[in-house]
Each structure stands twice: as structure tokens, then as C-alpha cells.
1. Taking segment 232-258, which residues are surrounded by 18 or more Cβ atoms within 10 Å (Cβ to Cβ) and closer than 19 Å to Gly198 by Cβ?
2. Name the pairs: first residue in segment 71-100 and at pLDDT 95 or above, second residue part of a loop (DSSP other than H, G, I, E, B), Cβ to Cβ under 8 Å, at least 6 apart or on different chains?
3. Within segment 406-422, track down each residue that is within 51 Å of the chain's Cα centre (by Cα), free of Cβ contacts under 8 Å to residues at least 12 places away in the same chain and under 25 Å from Leu340 (Cβ atoms).
4. Which of the numbered conditions does Val100 fail, given that it passes all the others? Conditions: (1) out of contact with any helix residue (DSSP H, G or I) (no Cβ under 6 Å at 6 or more places or on another chain); (2) surrounded by fewer than 18 Cβ atoms within 10 Å (Cβ to Cβ).
5. Counting just the residues of segment 286-303 that are without any contact (Cβ under 8 Å) to a residue 24 or more places away in the chain and surrounded by 18 or more Cβ atoms within 10 Å (Cβ to Cβ), which one comes out nearest to Ala252 (Cα to Cα)?
6. Can you tell me how many residues in segment 43-72 are under 23 Å from Leu132 (Cβ atoms) and either among the hydrophobic types (A, V, I, L, M, F, W, C) or surrounded by fewer than 20 Cβ atoms within 10 Å (Cβ to Cβ) (or both)?
7. Considering only residues of segment 113-166 that are in a loop (DSSP other than H, G, I, E, B) and under 20 Å from the mean Cα position of the chain (by Cα), which is surrounded by the most Cβ atoms within 10 Å (Cβ to Cβ)?
Amino acid sequence: MKRILSTAILCMLVGVSFAQKKAVKEAKKAFESDKLTDARDFIKPALADIETKDNPETWKLAGDIENKIFDGERAKQALRQSFNEETMYVSLYNTYQPYVTTDSLGQLPDKKGKVKNKYRKDIAAIMKANYLYFINGGVYFNNLKKPEIAVNYFEKFWDIPNLSLFDELLPEEKLKTENDTTYQIVKYYAFLCAKEAGQSDRAIGYLKRILAEPFFENNGTYTKQNVYELMANQYLVEGDSAKFIKVLEDGAEKYPKSNYFMTNLVNIMIRNKESDKALSYLDQAIKNDPNNACQFFSVKANIYTDQAKYDEAFKTYEDALKADDGCERALEGLAISYILKAQDIKEVASKAKTRKEQSDLDAEAAEFYKKALPLLLKFKEVLKGRDANSSDIKQTVYKLRNVYYNLNMNAEYEAAEKEYEAM
């Protein structure tokens, strides 16, 4: 009984094997007769069958079928005839894996240990001819708002020049990528589509790959610094704060004049209440990029203000204004620091034990209000001069009103009050 069953199973397997080999023949016949849809249907099961899937002829035919469909639609396009653009690009994409698999199988040594890959030259010629159409395919699907498909085309455009099937070509015959800015831009397209498709791991993988490969600047449109910024943003989107900070640190080290890395690092340290670390980064930023001293000095001074270290804050804001006398952040920040200092003194004065002590403290507070006044007035004029948002100007008028009140400048206070209410 067991022998009968075994024989039956063996016959079944032989039948399946024969059927798939027959399918390959039918696919070839349909291919040669331009019945390409039938050819595609015939070849599909043979690509998975144990008896035919390891035969390079099977995969070569599968690639040729797709290529013939692609060529047919491309010819119609060139002749300005009606053509199916989606079919054209889908078939183009479907040539990739069959041809790569064909070449891989063709590189296997025969029984004598020799490699006789008769497919490589033909496949290399076809893939070179079709290469640029992978960009077009990516653009086509991206315009259809299908980034999850577009990314595959851009990735293949990125991959193809590095395929081993081109190894035997002469240098002048190979696809050129050296100093090719288009090749670099397509890498970004792959990243952007992966990001748009919500494929975050894939997007980050592309950025890492860009950094690992030779980098070609594109007239400043895309720079290596941009790659670090994009990677940092991607980790931020993922909520991976450790990797976000690590990329910021790497970027700050490589691009010390970049505001992006240093500013984000400082903000993180401030948020984490690591003031000393933030101050250290700011000192380095000021040293690396004196042109942005206004911003960095102002942030540093603000940290001192938050710590109620007013003397350090005053000096640091003054340093910012020495670097740029129109530095808005320093004008406003120094004025606020003076006001906060005055408020602290008035708080102490309210608890004074003697009238003289209170009077002396009130006079000391008034001096700080007086110092704040010209800064706020100049800040207001700077805001008006650049047509700033009305809410920003209104907040400045509010601060001025407060200063006038504490200096008993009644006429000015009333004018500020009316101005504030009218805004």
C-alpha cells in the first residue's frame, strides 16, 4: 500500500514538473507571437516551481516578456499614439527582479566549476537602455499621489548602476554616476517618497545610505548638511529623542556654523533643565559663528535671567548689542531683565522694616525701570520699522505702560494706555 502511494505521489510530482516545463514552452510561444498577457500568465507559476525556478532561462523569459510590454507602450508614446502609461511603467519595474535573478543564476559555476553567463551582456544592454525611465516611473506615480509606489522606482534608479551585472563592461560602457547631480537628487526623491508614504525606517535607511556613499553637491540645492538635518527631523517625528540628540551632536560637530543643530541642542538642554550644558553649547556656538552672536548671546542671557542671575544676564545682553545694536532679542530681553530685577527689589521693599529702607529700595528699583525705558522705545520702533505683527507691538506697548506707571510718568502712561486700547 505504501509503495502504491509513493508511486502515485511520484507520478503526481512528475506531472506537476512536466506541466511547469510545458508552461515555460507555452510562455515562450506566446511571447514570440506577441500574446504578451498570455505569456505573462504562463510564466508566473514556473517562477515558483521547484523544477523551473532555478533555471535562468525561466527568469530571462519573464524579464523579456515584461520588457516587450514596456517597449510596446514606449514605442506608442514615441509615435504619439494612444498608450497606457501605467502599464508601461509597471512592466518596466517588473523587468528588474527577473533580470537580476537571471544574472545571479547565470553566475553559478557549471559541473566543471566554470562560469558561463550567456545572459549578462544582453541584460546589461537592456537595463542600460531602460535606466532613465525609472525616474519617469517614479515621477508618474508620485504625481498620482502614490509615494509608496514611486519610492520603488527611485530606489531602483539608485540601485541599478551598482549591479554586479555591469562589472564586465568597459569603464566607458558603464552607467555614469560620478559627479552626477541628477543621481544625487533621485536619492532625495526616494527619501521624500518613503517619508510621505509613512515608511520611516526606510526613509532613515536611505539617509544613512546617502551619507555612506560618495556625495555630489547640487549647486547648493541639496547639501550633506541637509541630510543630517533631515535625519534629525525624522528621529524627532519618530519620538526617538536619544537618536535625535545624537544626530544633532554629530551635525553640530561637522557644521559648527549651522543654526539648526546648535539651536535645537540648546533648546533640548534648556527643556531638560541642563542649563550648564546649554551655556557650554552656546559659548561654542558664539565662537564658531560670530555672525549669529545676537541670537546666541540673547539665548544665553535669557538662561541667566531665568536663574535670576541678573548681573550675568545684563552683561550678556550688552555683549549681544555690541555685536548688533539692533538685535531685537537683546533689546527686549535686556529691558525685561531690568524690569524683573526692579520687581524683585520692589518685592523686598514691600517687606522693609523702615520707611527709609523702603524709600532707598524704591529708588533703586526706579533706576532699573529707567534703564528699561529706552530699550523698549527702541524695540518698539524697530518692530514698526519692519512692519511687525501688531500683537508683538501691542505687547511692547503693554510693557512700556508698566514702566511708565512705576516711574510715575502719568502723561506717558495715559498715552500708552490709549495706544494699547486702540490696538
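The values are calculated or read from the model by the stated rules, or taken from the named source; none is laboratory data. Only a predicted model underlies this, so the values are computations on that prediction, with no experimental measurement involved. Virtual Cβ from ideal backbone geometry, glycine too; neighbours counted across all protein chains shown.
1. Ala232, Gln234, Tyr235, Phe244
2. Partner pairs satisfying both residue conditions: Glu73/Phe83; Glu73/Asn84; Arg74/Phe83; Lys76/Ser82; Lys76/Phe83; Gln77/Phe83; Pro98/Leu47; Val100/Leu163.
3. Of everything in segment 406-422, just one residue is within 51 Å of the chain's Cα centre (by Cα), free of Cβ contacts under 8 Å to residues at least 12 places away in the same chain and under 25 Å from Leu340 (Cβ atoms), namely Ala415.
4. With (1) out of contact with any helix residue (DSSP H, G or I) (no Cβ under 6 Å at 6 or more places or on another chain); (2) surrounded by fewer than 18 Cβ atoms within 10 Å (Cβ to Cβ) applied to Val100, the lone miss is (2).
5. The extreme case among them is Ile286.
6. Final tally of qualifying residues: 7.
7. Per the criteria, the residue is Lys146.
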